[in-house]
Amino acid sequence: MSEYQYYEFQAIERPLTSEEQRAVSRLSSRVEPHPTRAVFVYNYSDFPGSAEKILAQYYDALFYITNWGSVQLAFRFPKTLLDEAAVTPYCVEDYVRYEAVGDYALLSFERHDDTTGEWVEGEGMLAGLLPLREAILAGDYRALYLAWLLGVEEEALDDDDAEPPLPAGLGKLTGALQSFVDLFGVDAHLLAVAAEKSGAARNTAVSDLTRAIATLSAEEQGAWLLRLAQGETNLAQQFKRRLPLPRPESTQGDGRTVGDLREQAEARQQAEAARRKVAAAAKHAQAMEALALQADDVWRWVTQLIEQKNARAYDEAVTQLGKLKQLAEYQGQTAVFQARVDGLAAQYARRPAFVERLQKVKLGGGG
C-alpha cells in the first residue's frame, strides 16, 4: 500500500509576498503559488527539508497527517504575544512542544499512533482548527490542556506529576476544540474527569468591552485607532490585553496528580462498561422473551426454508437456527435444541449444502 502524507500551511496575519510565494513553490513542482495557503501531498516521497522551518519563515499554521497514524497541528505566534511561562506547564515530550524561533514562538501538538490503520484525508481539516490559534492568543489554553491529556493517556507522564492549571470551559467545548478532540483521539473518560473541576467559560460581552474602553483616555484611544488604520497585525489581541478585562480563568484542579486522573478515568470507564453490560443484558432478555412467543413459528419457517432447496434459503435457515440457539441458551434448554437440530440434519442428510452450513457454524450435522 502506498504512503499518504498531507501538509497544509496557512498564512493568517499577512499574505505572502510574490517573492515568498515563489520560494515556497520551489519546494515542489506540484504546489501552486498562493498568497495564503500551500498544500503538499506525498505518496512515495517526503517533504523537502523541515515543515516547521517553513512555518516559522512564512506561515502561521501547519497541519500534517499521514495514513500511518501521525498527526500534527502547529501554530506560529509573535513571541511577545504568547506567554511562555503560561504555556510551558502543558508541554509534554512528543505531544505538546514550545519553541522560540527568532521573533516568533511555535506551539506544536502531535500524536503518533501506528495502531489506527485508518486512511484519513487531510484536505479541509485545518480550517476547522484555525480558531484554536486565536483562542490561545486570547489566553484560552483548553487546547493545550487537551494535548497534555494525551500524554497522560499514553503514559508519557509519571503518576506523581502534578496537573497543570485547569482551564475553564472543558465541560462545553467549542467546535474547534471538539474537532481537536476527535482528530487527536483525546480519551473521553480523562476529559470527563478533567471537566468535573473545570468551571464555565466566560465570554467577553460587548458591554464589558464598552466599559473597559471608556477607562482609556481620548489620547490613548486615538493612538490605538491610528495603529488600526495603519494595518498593524495582531492589534486586537494587543488592545484586549491593554484593557481591564477578566482573563480566562484557570484553577489547579484541587492539587490532582496524573495518577489521580488516571485512577478516576479508569473508574469511570469501568462504571460505564458495567452500565453497558446491564443495558445489553436487558436488551437481550427482551429480545429473547419476544422470540420465545414466536419460537414455534420460527421452527416451522426453518423447515420451509430448507424445503426451498437453494443456497439463499439455506443461509437464512441457519441464521434463524442461530437465533433459536440463543433462545435455548437463555432458557437453559440447549440439549433440547441440539436434539432438534440433529433431527433436522438427519432428516435432510441428502442435502449436503444445508448440512455443510450447519457444520460450518457448529450447529450439528456431524460437525
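For the chain, what is the charge dipole size about the Cα centre, in debye to the nearest 20, if Lys and Arg each add +1 at the Cβ and Asp and Glu each add -1 at the Cβ?
Computed about the Cα centre, the dipole is about 1560 debye.
The residue among His34, Ala335, Val120 whose Cα reaches farthest toward the positive pole of the charge dipole of the chain, with charges on the beta-carbon of Lys, Arg, Asp and Glu, is Ala335. Exposed loop sites here mean GluC sites (Glu not before Pro) with a DSSP loop assignment and at most 16 other beta-carbon atoms within 10 Å; the chain contains its longest site-free run at 250-367.
Backbone geometry of segment 135-143 corresponds, through the Karplus equation with coefficients 6.51, -1.76 and 1.60 at θ = phi - 60°, to 3J(HN,Hα) couplings of 5, 5, 4, 7, x, 8, 9, 4, 4 Hz, x marking Gly and Pro. May I ask which of Lys277/Lys325; Lys325/Lys362; Lys283/Lys362; Lys277/Lys360 have a Cα-Cα span longer than 19 Å here? Checking Cα-Cα distances, Lys277/Lys325; Lys283/Lys362; Lys277/Lys360 exceed 19 Å. Take every Cα-Cα pair in the chain and report what % of them are more than 27 Å apart. Of all Cα-Cα pairs in the chain, 64 percent lie more than 27 Å apart. Give the Debye-formula value of log10 I(q)/I(0) at each listed q (0.09, 0.21, 0.23 Å⁻¹), with one equal scatterer per alpha carbon of segment 83-212, two decimals each. Evaluating at q = 0.09, 0.21, 0.23 Å⁻¹ gives log10 I(q)/I(0) of -0.28, -1.44, -1.63.
From the alpha carbon centroid of segment 144-189 to that of segment 276-335 is 45 Å. In segment 294-360, a dipole from Cβ-located charges (positive for Lys and Arg, negative for Asp and Glu) runs towards its positive end, and of Thr319, Ile306, Gln294 it is Ile306 whose Cα lies farthest in that direction. When the chain is treated as a Gaussian network with alpha carbon springs shorter than 10 Å, the biggest mean-square fluctuation among Leu177, Leu82, Leu344 belongs to Leu344. The magnitude of the dipole of segment 42-147, with charges of +1 and -1 set on the Cβ of Lys/Arg and Asp/Glu and taken from the Cα centre, is near 260 debye. For segment 277-359, trypsin sites (Lys or Arg not before Pro) meeting the loop criterion (DSSP other than H, G, I, E, B) and having at most 13 other Cβ atoms within 10 Å: Lys309, Arg350. Based on Cα contacts under 8 Å between residues 6+ apart, segment 294-360 shows a relative contact order of 29 percent. Dipole magnitude for segment 294-360: about 200 debye, using +1 per Lys or Arg Cβ and -1 per Asp or Glu Cβ, origin at the Cα centre.
All of the numbers you see were taken from the coordinates with simple rules; none came from a lab. From a predicted model like this one, the values you see are computed outputs, not experimental measurements. Every residue, glycine among them, receives a Cβ derived from its backbone with ideal geometry; neighbour counts consider all protein chains shown.
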